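Below is one structure; the comments refer to it alone.
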Amino acid sequence: MSSTPTTSAITTILNSKNRNPTLPPTVLHLSFTQRSDYFAVGTTSGFIIFDSDPFREVVHREFASLPTSSIIVGGGIGVIQMLFKGKITAIVGCGPTPQFTLNKVLIWDDYRSQCIAEFCFRSKVKSVRLWKDQIVVILLNKVYVYNFEDIELLRQIDTMSNPKGLCEISRESEKVLACLGLHQGEVRVEHCASKRTNMITAHDSNIACIALTHDGRFLATASSKGTLVRVFNTWDESLLYELRRGSGRAEIYSISFSMDVQWLAVSSDKATVHIFRLNVDSRAAAAEPNNFSPTSASFLSLITGIPKYLKSQWSETRFRLPQEGIRNIVTFGQQQKNTVIIIGVDGSYYRCQFDPEARGEMIQLQHYNFLHPEQNF
């Protein structure tokens, strides 16, 4: 007897659009789409999809408890990843009453309003990433890459213990995948088209966060110490930048490159979002990996007799959030230049603007609460 919903039951509950205002949801997962034009929120009762900029709710689905065989399925969604505009969505259950078992990935097609594929594993799914023709599933010690069309397993990668499900993919036609290696502080980069693998030793301690540029040419990493973010060329493994968030320990929640690779944003548990200037032309960097700003770490490393923290590049500007310890993720705005979007598990949405010619604090342009829309007016 099956202990998970049947495909017909899955279709029924995913088509549900009912809200239950008496049970305020708790956020379990946040993610942006590949181009950051949408973001998805997995909650203890379902999921919500929003336009990032301008801010607007697109889909809101809450699931009632559904008896299936010998269990009661709740509404918890612990992973939700959208493919571009969210018509194809990968969903994984989570929370005290998960919507689906935690070892299963469901692929939902909004065009056909049905589940088009299921992936079941022997252990919990930590995260998922989507290309238009492939799905990447991350477990505690493995990464699986499948072909969408025929569900064929294309590759299997062994990693060190990865409880956060760290893995990033490029968002353009050139497929690049970055995940943990087999050793502490190591990142494995797969250039899928050329079948080339690069192993980058990024830090001495465990990796806490990674990010790729849209074309996959640059990798940013942060360790569990949270003081430095390093930027590497994924092709030749060279260190391009060493960016200092601060001198004290912090948990890095997210790292994001701007589309033109001129800026990098970092969010952390210190209630701050930092913006760093890169001045790297991604189109020329592959041929000229050392052609970047003289404020970068490689230039400063030639200077002797000064403390290491002075050799690192500090942020240009920052935005301070109201409360420390609230998990938030950041991306760059697409509608207006020099803007960032920040979303948090407390339901907060911020759109801020920074001045590329001046250091200091960012300007808050908008603030909403997406869990309690009645408070926004």
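Each value in this text was obtained by applying a stated rule to the coordinates, not by laboratory testing. In this text, all values refer to a predicted model and were calculated from it rather than measured experimentally. No Cβ is skipped: glycine too gets one built from the backbone with ideal geometry, and neighbour counts run over all protein chains shown.
For W314, put the label point 7 Å out on the Cα→Cβ axis and report which residues of the range 333-356 keep their amide N under 20 Å from it.
354-356
Return the FRET efficiency for the residue pair D204, R56: r is the Cβ-Cβ distance, R0 is 51 Å, and the value is rounded to the nearest 0.05. All intermediate terms of the calculation are to be shown ahead of the outcome.
Numbers: r = 44 Å, r/R0 = 0.86.
Efficiency for this residue pair is about 0.70.
The range 306-377 to the range 137-210: how many Å between their Cα centroids?
Each part's Cα centre sits 28 Å from the other's.
Going by amide H atoms built from the backbone, whose H comes under 5 Å of the H on A250, apart from near neighbours?
G226, T227
Once you place label points 7 Å from the Cα toward the Cβ at N103 and E251, how far apart are they in nm?
A separation of 2.7 nm, rounded to one decimal place.
Using the number of other C-beta atoms within 10 angstrom as an exposure proxy, rank W263, W314 with the fewest first. Please report the intermediate quantities before stating the final value.
Working: W263 21, W314 14.
Final ranking by Cβ density, sparse to dense: W314, W263.
Would you calculate the separation in nanometres between label points at S194 and E172, each defined as 7 Å from the Cα along the Cα-to-beta-carbon direction?
Here the answer is 1.5 nm between the modelled labels.
Subtract the Cα-Cα distance of E374 and L182 from 0.36 nm times their separation in residues, and report this length gain in nm to one decimal.
64.3 nm
Quick one: length gained pulling R122 to D355 fully straight, 0.36 nm per residue minus the C-alpha distance?
Working it through step by step, the gained length comes to 79.0 nm.
Rounded to the nearest 0.05, what FRET efficiency do K337 and S224 give with R0 = 41 Å and r taken as the Cβ-Cβ distance? Could you check?
0.75
Sort I151, I88, I77 by Cβ crowding within 10 Å, fewest neighbours at the top.
I151, I88, I77
Taking the Cβ of each residue in L219, L83 as the centre, tally the other Cβ atoms inside 10 Å and list the residues starting with the fewest.
By the 10 Å Cβ count, ascending: L83, L219.
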